[in-house]
Amino acid sequence: MPDHDQDLIVYFNREFVPWNEARVHVFSPFAKYGAAVFEGVRAYWSEQRGRMLVFRLREHMERLEVSQRIMRFDEIAPADDLCAATIELVRRNSFRTPVHIRPTVYVDGDGGSSARGPIGTFITAVPRGTPERVHEGCTAQISSWERISDRSMPARAKANANYNNARFAGIQAGIDGYDAAIMLNSRGKVSEGQGMCVFLIRDGVAVTPSVTSDILESITRDTVLTLLGGMGVDTAERDVDRSEFFAASEAFFCGTGWEITPINAVDGTAIGPGRPGPITRRLQQVYFDLVMGVTDDCPEWIAEV
Ligand code: PMP
C-alpha cells in the first residue's frame with residue numbers, strides 16, 4: 001500500500017474512518033464469494049475553477065443501484081445517499097490531484113453464497129493519474145477467454161466476481177506480450193476489453209458492440225457516443241466481428257480507468273498506420289477538456305466539490 005494511502009479517509013458504513021480502520025470480516029459472503037457490486041468513478045482537479053470535478057457521479061450511482069438489483073440484494077443502497085457520501089469524502093480528503101473513486105456495496109454478515117444481506121457500503125478515493133497508454137496507444141490481443149454471458153454471470157452488473165473473467169484475459173494478454181485483452185462473447189462477436197469498452201472506425205463511422213453484446217453498460221461509452229455526435233462523426237451500436245479490426249482505420253478503448261486509449265495493433269497487426277488516428281485524437285481532446293472543466297458543454301455531468 002502506498003504510504004500516502006494511510007492518511008486517506010474512507011467512507012465506511014455511514015461513517016468517515018481512517019484508511020486502516022475500514023475492514024470487512026473474513027467470513028462475510030463478500031470475502032467468501034465476492035458477493036459485492038462496485039463502481040469506478042474519476043474526479044479531476046480543475047486549476048481554473050479551484051475545484052475537484054467528479055465526472056458523471058449520478059449515472060455511476062444509478063448503475064450501482066441496477067447492479068444491486070441484478071444481484072438481488074435484499075436492501076438497495078440508494079444513489080442519492082451514495083452521491084452525497086462521495087462528495088463529502090472528496091471534500092474531507094482535500095484532494096488537489098486526479099482521483100479514482102470506488103464505491104462498493106457488499107454482502108456482510110456470515111451467510112452462504114445465496115445470502116442477500118445484510119448490506120454494507122464503503123467508498124474509497126485514491127490519487128490516480130492518466131495512464132501512459134492514453135498518450136502513446138496500446139496493443140491488444142483477441143483473448144481465448146470468452147466473455148461471461150447474461151445466462152451465467154450478467155456483464156451488465158458491475159459485480160466484483162465478474163472480474164475473474166477480466167483477470168484471466170488480462171493476465172494472458174500480459175504473458176503473451178500485449179497491453180490489453182479484447183474478449184469475444186458466447187456468440188463469437190466482439191464484446192469488450194478487460195475493464196473497458198471498445199470502438200473502431202470504419203469508413204468514418206465509429207462502431208461499438210451493442211449493449212446486448214455482454215458488455216458493461218459503460219458510462220464512458222455513452223459519453224463517447226454523445227461527444228462523437230457533437231463532432232459530426234456518425235456512430236453505430238451493433239454486432240462487431242473480430243476481423244473488422246483489420247478493416248478499421250482506427251480503434252480505441254474507453255472507460256473510466258482507461259479514459260480514451262488508442263489501440264495501435266490487434267494480434268500483432270497494425271490498425272491503420274499503427275498509431276493513434278485523427279478521430280481518436282480529436283475525441284481525446286474533447287473528452288479531456290470536458291472532464292477537466294476546460295469546456296462547460298455538459299454541466300449536468302460534472303459535480304463540483
Ligand atoms: N467494461 C468493464 C468490464 C468495466 O469494468 C468498465 C469499467 N467500469 C467498463 C467497461 C467501462 O465502464 P465505464 O465507462 O462506466 O467506466
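Among residues that are over 21 Å from the mean Cα position of the chain (by Cα), at pLDDT 95 or above, assigned to a loop (DSSP other than H, G, I, E, B) and away from the ligand (no atom under 15 Å from the Cβ), GLY229 is not included. When residues in the range 97-136 are screened for being small (Gly, Ala, Ser), surrounded by 18 or more Cβ atoms within 10 Å (Cβ to Cβ) and touching a Phe, Trp or Tyr at 6+ places or on another chain (Cβ under 8 Å), 2 of them pass. Filtered by the rule that a residue be acidic (Asp, Glu) and under 17 Å from TRP301 (Cβ atoms), the range 53-79 gives GLU59, GLU62. Scanning the range 191-210 for residues that are without any contact (Cβ under 8 Å) to a residue 60 or more places away in the chain, closer than 24 Å to VAL41 by Cα and not in a strand (DSSP E or B) gives GLN194, SER210.
Count of the range 23-52 residues, restricted to those that are away from the ligand (no atom under 16 Å from the Cβ) and not in a helix (DSSP H, G or I), is 15. For the range 191-207, filtered to residues that are surrounded by 24 or more Cβ atoms within 10 Å (Cβ to Cβ) and within 11 Å of the ligand (Cβ to nearest atom), the residue that is nearest to ARG275 (Cα to Cα) is VAL198.
Exactly one residue out of ARG167, ARG151 is of a type in the set (Lys, Arg), assigned to a loop (DSSP other than H, G, I, E, B) and loosely packed, with under 15 Cβ neighbours inside 10 Å: that is ARG151. Of the listed requirements (1) in contact (Cβ under 8 Å) with a residue 40 or more places away in the chain; (2) under 30 Å from PRO127 (Cβ atoms), LEU225 misses just one: (1).
Here are the criteria: (1) β-branched (Val, Ile, Thr); (2) assigned to a loop (DSSP other than H, G, I, E, B); (3) surrounded by fewer than 22 Cβ atoms within 10 Å (Cβ to Cβ). Tell me which single one VAL240 does not satisfy. Going through (1) β-branched (Val, Ile, Thr); (2) assigned to a loop (DSSP other than H, G, I, E, B); (3) surrounded by fewer than 22 Cβ atoms within 10 Å (Cβ to Cβ) one by one, VAL240 breaks only (3).
Please go through the range 105-145 and pick out each residue that is assigned to a loop (DSSP other than H, G, I, E, B), among the charged types (D, E, K, R) and either at pLDDT below 95 or away from the ligand (no atom under 14 Å from the Cβ) (or both). Listed by number, the residues that qualify are ASP108, ASP110, ARG116, GLU132. Evaluating GLY188 against the criteria (1) in a loop (DSSP other than H, G, I, E, B); (2) within 15 Å of the ligand (Cβ to nearest atom); (3) closer than 25 Å to SER152 by Cα leaves one unmet condition, (2).
Please go through the range 66-108 and pick out each residue that is touching a helix residue (DSSP H, G or I) at 6+ places or on another chain (Cβ under 7 Å) and of a type in the set (S, T, N, Q). If the condition is that a residue be touching a helix residue (DSSP H, G or I) at 6+ places or on another chain (Cβ under 7 Å) and of a type in the set (S, T, N, Q), then THR86 is the only one that fits. If you check ALA247, ALA251 for being exposed (fewer than 13 other Cβ atoms within 10 Å of the Cβ) and either under 23 Å from the mean Cα position of the chain (by Cα) or more than 16 Å from the ligand (Cβ to nearest atom) (or both), only one passes: ALA247. Might you let me know whether the range 56-79 holds any residue that is within 13 Å of the ligand (Cβ to nearest atom), in a strand (DSSP E or B), touching a residue at least 24 places away in the same chain (Cβ under 8 Å) and more than 19 Å from TYR106 (Cβ to Cβ)? No, there is no match, as no residue in the range 56-79 is within 13 Å of the ligand (Cβ to nearest atom), in a strand (DSSP E or B), touching a residue at least 24 places away in the same chain (Cβ under 8 Å) and more than 19 Å from TYR106 (Cβ to Cβ).
The values are calculated or read from the model by the stated rules, or taken from the named source; none is laboratory data. Model, not experiment: these values are computed from the prediction. Positions of Cβ are generated from backbone atoms using ideal geometry, with glycine treated the same way; all protein chains shown enter the neighbour counts.
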